[in-house]
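Asks: Please find one structure pasted underneath; my questions will follow.
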Ligand code: SF4
Ligand code: SF4
């Protein structure tokens with residue numbers, strides 16, 4: 001990706017160079033001088049393919065010297081038509097479609113869709129299923145944050161940390177594979193419950209995984225938060241003030257790192273979170289003060305890994321007995337849903353922030369409408385104030401810091 | 001501070017964490033290598049065990065199937081297609097997303113998940 005930045009910048013200078021030839025040597029020298037002093041600014045655009053992570057967005061930067069003067073964003077570069085496909089399928093089929101909206105937070109999307117449909121059809125989810133849902137969602141959060149920590153380290157040019165965090169991430173992936181039958185696409189939640197139980201023999205494995213993350217937590221903090229190089233590259237970079245975060249409706253760790261106490265698990269508890277009393281983590285709890293910069297975002301996400309580990313441990317130790325799904329036969333579920341009419345929403349806290357699904361059913365097998373809002377969509381605008389006055393070299397880490 | 005440096009030094013003396021490639025070193029010719037393995041001259045690194053309950057390739061027992069078509073109704077990828085005149089289904093592995101919903105729904109257990117995960121091939125059939 002760095003190659004791409006260089007390439008773009010190079011192309012821009014080439015164009016300027018050509019202009020210089022056109023306008024004669026004397027003027028050209030003047031222009032170069034102006035450039036050196038940072039007098040003129042020019043615009044470079046990055047994206048829509050792979051700007052920092054995989055989301056297809058295009059960022060336009062107004063650059064003056066090494067500084068970003070202004071940034072703008074262009075969206076809607078890719079249309080997948082997922083919502084339309086969904087309106088041609090039945091809810092059981094949509095589960096796996098929703099799972100593919102986001103590769104990493106797949107449980108969140110499925111769960112959110114399930115909650116929307118359950119609220120339409122008034123389906124009661126058994127308590128054991130709620131706990132299993134919570135554990136899967138939290139395992140996913142650990143997975144996502146560890147992955148992000150690696151990506152952030154990579155954007156900072158610190159690849160040994162990336163390999164370390166990704167190696168640590170393997171543990172949770174293996175556990176997920178044992179529990180759900182696949183490393184990434186878990187296919188766990190279904191309408192009215194979950195698809196697989198956690199038998200007793202797997203509890204040990206989950207607790208062991210949680211213990212592993214607790215044991216390396218100190219080391220991770222040491223590597224990412226107490227490292228002078230990382231601190232120099234991230235402190236005071238990409239600042240998002242609390243007012244800006246509120247005004248731009250930032251969600252998830254991006255908002256929390258700016259000191260906004262916003263977390264769906266706290267504000268509107270779902271699944272087993274009602275019994276847990278989860279509190280939103282802001283840098284104040286971790287570091288004592290809030291700066292709202294990239295460093296704070298790293299700190300918040302790391303603290304959330306520890307928080308997730310605690311939640312999982314509590315859930316596994318206190319998991320209630322009982323059924324895991326309200327109706328075992330998917331065909332009967334479909335028959336019940338065919339009679340359902342109305343609108344429902346499902347909100348929940350994904351690793352990146354709030355996921356929102358809206359479903360409208362009109363008594364047909366397929367939903368009449370399905371609308372998805374993924375967390376990155378809410379967070380994208382907050383990139384713009386972060387980019388202002390940033391160095392070109394800091395663009396990748398700032399763009400990656402919202403975990404797009 | 002220096003957390004990473006310490007960790008890096010420690011890693012120098014550890015075994016590699018990644019799963020091993022079947023051959024210890026990349027062979028010049030895969031064919032010759034496999035032949036040598038067949039003759040017992042060379043050894044392959046053992047494969048990584050797949051956990052129980054892994055959602056791999058779907059196996060279809062044609063004789064058990066009663067042609068009820070429930071699997072085609074729940075399959076999100078339209079990877080199982082009903083052949084009405086034979087009252088059997090056809091399973092397209094290349095379309096399948098391995099969700100195992102069809103396995104759950106089948107009333108006579110004519111479908112099951114296997115632990116097979118090496119599915120890349122040159123031919124679709
Ligand atoms: S595993 Fe899923 S995608 Fe594959 S055939 Fe079965 S239902 Fe269809
Ligand atoms: S659900 Fe089972 S029995 Fe029915 S058509 Fe599919 S494979 Fe055959």
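The values are calculated or read from the model by the stated rules, or taken from the named source; none is laboratory data. Values in this document were obtained by computation on a predicted structure and should not be read as measured data. Glycine gets a Cβ as well: all are built from the backbone with ideal geometry, and neighbour counts include every protein chain shown.
Asks: Only one of (1) within 8 Å of ligand 2 (Cβ to nearest atom); (2) assigned to a loop (DSSP other than H, G, I, E, B) fails for residue B:51. Which number is that?
Replies: For residue B:51, the failing item is (1).
Asks: What residue, among those in the range B:80-104 that are more than 21 Å from the chain's Cα centre (by Cα) and outside any loop (DSSP other than H, G, I, E, B), is nearest to ligand 2 (Cβ to nearest atom)?
Replies: So in the range B:80-104, the residues more than 21 Å from the chain's Cα centre (by Cα) come out as B:81-89.
Those left that are additionally outside any loop (DSSP other than H, G, I, E, B): B:81-83, B:88-89.
Details: B:81: 10, B:82: 6, B:83: 10, B:88: 7, B:89: 5 Å.
Result: B:89.
Asks: Considering the range B:3-18 alone, what residues qualify as being within 10 Å of chain A (Cβ to nearest Cβ) and not in a helix (DSSP H, G or I)?
Replies: So the first thing to find is which residues in the range B:3-18 are within 10 Å of chain A (Cβ to nearest Cβ), and the list is B:3-8, B:11, B:17-18.
Answer for the range B:3-18, where residues must be within 10 Å of chain A (Cβ to nearest Cβ) and not in a helix (DSSP H, G or I): B:17, B:18.
Asks: Test residue B:33 against the stated conditions and say whether it is in the same structural domain as residue B:16 (by TED's automatic domain parsing) and either within 9 Å of ligand 2 (Cβ to nearest atom) or crowded, with 18+ Cβ neighbours inside 10 Å (or both). I'd like the intermediate steps shown before the answer.
Replies: Working: in the same structural domain as residue B:16 (by TED's automatic domain parsing): yes; either within 9 Å of ligand 2 (Cβ to nearest atom) or crowded, with 18+ Cβ neighbours inside 10 Å (or both): yes.
It is true that residue B:33 is in the same structural domain as residue B:16 (by TED's automatic domain parsing) and either within 9 Å of ligand 2 (Cβ to nearest atom) or crowded, with 18+ Cβ neighbours inside 10 Å (or both).
Asks: Pick from A:94, A:85, A:104, A:123: which is within 27 Å of residue A:346 (Cβ to Cβ), surrounded by fewer than 21 Cβ atoms within 10 Å (Cβ to Cβ) and within 14 Å of chain B (Cβ to nearest Cβ)?
Replies: Working: A:94 fails: surrounded by fewer than 21 Cβ atoms within 10 Å (Cβ to Cβ); A:104 fails: within 14 Å of chain B (Cβ to nearest Cβ); A:123 fails: within 14 Å of chain B (Cβ to nearest Cβ).
The unique qualifying residue is A:85.
Asks: Quick one: would you say residue B:73 is within 14 Å of ligand 2 (Cβ to nearest atom) and within 13 Å of another protein chain (Cβ to nearest Cβ)? Write out each step before concluding.
Replies: Details: within 14 Å of ligand 2 (Cβ to nearest atom): yes; within 13 Å of another protein chain (Cβ to nearest Cβ): yes.
When the stated conditions are applied, residue B:73 passes them.
Asks: Just to verify a result, which residue in the range A:166-207, among those that are away from every other protein chain (no Cβ under 11 Å) and assigned to a helix (DSSP H, G or I), is surrounded by the most Cβ atoms within 10 Å (Cβ to Cβ)?
Replies: Among those residues, the one meeting the criterion is A:172.
Asks: Checking residue B:93 against (1) within 10 Å of chain A (Cβ to nearest Cβ); (2) within 10 Å of ligand 1 (Cβ to nearest atom); (3) surrounded by fewer than 16 Cβ atoms within 10 Å (Cβ to Cβ), only one condition comes out false. Which one?
Replies: Checking residue B:93 against (1) within 10 Å of chain A (Cβ to nearest Cβ); (2) within 10 Å of ligand 1 (Cβ to nearest atom); (3) surrounded by fewer than 16 Cβ atoms within 10 Å (Cβ to Cβ), the one that fails is (1).
Asks: So in the range A:228-238, with the set limited to residues that are in a loop (DSSP other than H, G, I, E, B) and touching a helix residue (DSSP H, G or I) at 6+ places or on another chain (Cβ under 7 Å), which one is farthest from residue A:395 (Cα to Cα)? Step through it out loud before you land on a result.
Replies: First, pick out the residues of the range A:228-238 that are in a loop (DSSP other than H, G, I, E, B): A:235-238.
From what's left, touching a helix residue (DSSP H, G or I) at 6+ places or on another chain (Cβ under 7 Å): A:235, A:237-238.
Numbers: A:235: 14, A:237: 10, A:238: 9 Å.
Looking at the filtered set, the residue picked out is A:235.
Asks: Looking at the structure I just gave you, is residue B:109 more than 9 Å from ligand 1 (Cβ to nearest atom) and loosely packed, with under 12 Cβ neighbours inside 10 Å? Spell out how you get there, then give the answer.
Replies: Details: more than 9 Å from ligand 1 (Cβ to nearest atom): yes; loosely packed, with under 12 Cβ neighbours inside 10 Å: yes.
Here the answer is yes, as residue B:109 does meet what is asked.
Asks: Those residues that are more than 18 Å from the chain's Cα centre (by Cα) and more than 16 Å from ligand 1 (Cβ to nearest atom), I need them from the range B:46-72; list them, please.
Replies: If the condition is that a residue be more than 18 Å from the chain's Cα centre (by Cα) and more than 16 Å from ligand 1 (Cβ to nearest atom), then B:63, B:66 are the ones that fit.
Asks: Do we find that residue A:218 is more than 10 Å from chain B (Cβ to nearest Cβ) and either touching a strand residue (DSSP E or B) at 6+ places or on another chain (Cβ under 7 Å) or in a helix (DSSP H, G or I) (or both) in this structure? Spell out the reasoning first.
Replies: Values: more than 10 Å from chain B (Cβ to nearest Cβ): no; either touching a strand residue (DSSP E or B) at 6+ places or on another chain (Cβ under 7 Å) or in a helix (DSSP H, G or I) (or both): yes.
Taking the combined requirement at face value, the residue does not satisfy it.
Asks: Return the pair list, or none, for Cβ contacts closer than 6 Å from residues in the range B:70-87 that are closer than 21 Å to residue A:89 by Cβ and at pLDDT 90 or above to residues that are near ligand 2 (Cβ under 10 Å from one of its atoms) and assigned to a loop (DSSP other than H, G, I, E, B), at least 6 apart or on different chains.
Replies: B:71/B:106; B:82/B:69
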